[in-house]
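Worksheet: the structure to be examined is printed underneath.
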Amino acid sequence: MEPAPPAYVPTNELSMTLLMTPDRANFSGNVHGGQILKLLDEVAYACAARYSGCYVVTVSVDEVRFLKTIHVGELVTFLAAINYTGRTSMEIGIRVVAESPRSRQSRHVMTCYFTMVAVDDEMRPTPVPEFKPQDENQRRRHAGARLRRELRSEVERRHAQIKQHPETRSPSSADPAA
Ligand SMILES: CC(C)(COP(=O)(O)OP(=O)(O)OC[C@H]1O[C@@H](n2cnc3c(N)ncnc32)[C@H](O)[C@@H]1OP(=O)(O)O)[C@@H](O)C(=O)NCCC(=O)NCCS
């Protein structure tokens with residue numbers, strides 16, 4: 001009798017390295033920001049889907065800031081990790097590092113945070129395995145993710161309040177999207 005396959009242990013990290021080819025350039029000859037956004041979404045999807053074993057959808061993205069230009073010919077590495085899990089949602093943190101293969105110099109170009117929700121065949125949110133941080137780094141990221149989740153809830157609560165009672169809106173909270 002064949003031994004039973006080992007139990008599946010959710011993998012909470014994933015990395016992907018890609019060469020920035022000329023077809024990814026914008027008019028100035030550097031890598032187009034939209035290309036990086038698409039790749040970030042794919043990496044977040046891959047990390048969350050592999051961790052949860054489910055289809056997942058993107059619900060929100062926090063803190064997308066391009067800190068440095070990415071050049072054609074560079075290698076770009078996306079380092080993704082599950083930072084936090086709720087009941088059905090997961091926060092995936094992605095650190096992006098660009099590296100010139102010739103100079104071997106690398107630099108941090110961005111860190112951002114995706115919230116992905118696991119869904120069933122009817123596209124209803126479905127539970128994910130709880131992520132329990134194991135080391136100091138994971139605990140730090142977990143605490144940051146929990147704070148961001150609380151801040152998001154607070155922002156949504158205030159938006160809902162302003163929509164219901166526009167007269168409570170202060171001049172400093174002007175929001176063109178509201
Ligand atoms: C994701 C989706 C299924 C959630 O549906 P919903 O009715 O809001 O479901 P719930 O209220 O049960 O929330 C599910 C989870 O999403 C989280 N969530 C909902 N809105 C959120 C937001 N704006 N930001 C972060 N998380 C959010 C909730 O906190 C909850 O997480 P938890 O279970 O870990 O606590 C639904 O919003 C959806 O289908 N959105 C479209 C997703 C999509 O198409 N993405 C691609 C864009 S092109």
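Every read-out reported here was derived from the displayed coordinates using simple, explicitly stated rules and does not represent laboratory data. Keep in mind it's a predicted model, so treat the numbers as computed, not measured. Cβ sites come from the backbone with ideal geometry, for glycine too, and all protein chains shown count toward neighbours.
Quick one: if you stick a label point 7 Å off each Cα along the C-beta vector at M1 and S15, how many nm between them?
4.1 nm
How high is the relative contact order of segment 57-169, in percent, with contacts defined as C-alpha pairs under 8 Å that are six or more residues apart?
Values: 173 pairs, mean separation 29.4, N = 113.
Relative contact order of segment 57-169: 26 percent.
Given only helices, namely DSSP H runs of n ≥ 4 each adding -39500 (n - 2.57), what is the per-residue ellipticity at 222 nm of the chain, to the nearest 500 deg cm²/dmol? Intermediate values should be presented prior to the final figure.
Values: 2 runs with 49 residues, N = 178.
Mean residue ellipticity, 222 nm, calculated: -9500 deg cm²/dmol.
With springs only between Cα atoms under 10 Å, which of T111, T17, T58 fluctuates most in a Gaussian network model of the chain?
Highest fluctuation among the options: T17.
With the radius of gyration and the Kirkwood radius both derived from the Cα set of the chain, what is their ratio Rg to Rh?
On the way: Rg = 19.3 Å, Rh = 18.4 Å.
Ratio value, two decimals: 1.05.
Less than 15 Å Cβ to Cβ from S89, Lys/Arg counted +1 and Asp/Glu -1: what total charge do the surrounding residues give? Write out the running numbers ahead of the final one.
Details: positive: R87, R124, R146, R148, R149, R152; negative: D62, E91, D120, E130, E150, E156.
Charge balance near S89 sits at 0.
Per the Kirkwood definition applied to all pairs of different Cα atoms, how many angstroms is the hydrodynamic radius of segment 71-166?
Working: mean 1/r = 0.0628 Å⁻¹.
With all distinct Cα pairs of segment 71-166 included, I get 15.9 Å.
May I ask you to sort C112, C47 by Cβ crowding, counting other Cβ atoms within 10 Å and putting the fewest first? The partial results should precede the final answer.
Working: C112 19, C47 28.
Result, fewest neighbours first: C112, C47.
For a quick check: sort D62, D121 by the number of other beta carbons within 10 angstrom, fewest at the front.
Working: D62 15, D121 8.
Ranking D62, D121 by Cβ neighbours within 10 Å, fewest first, gives D121, D62.
Just subtract the alpha-carbon distance of H165 and V59 from 0.36 nm times their residue separation and send over the number in nm, one decimal. Don't skip to the end; give the middle numbers.
Working: separation 106, 0.36 × 106 = 38.16 nm, distance 2.59 nm.
Stretched out fully, the H165 to V59 stretch lengthens by 35.6 nm.
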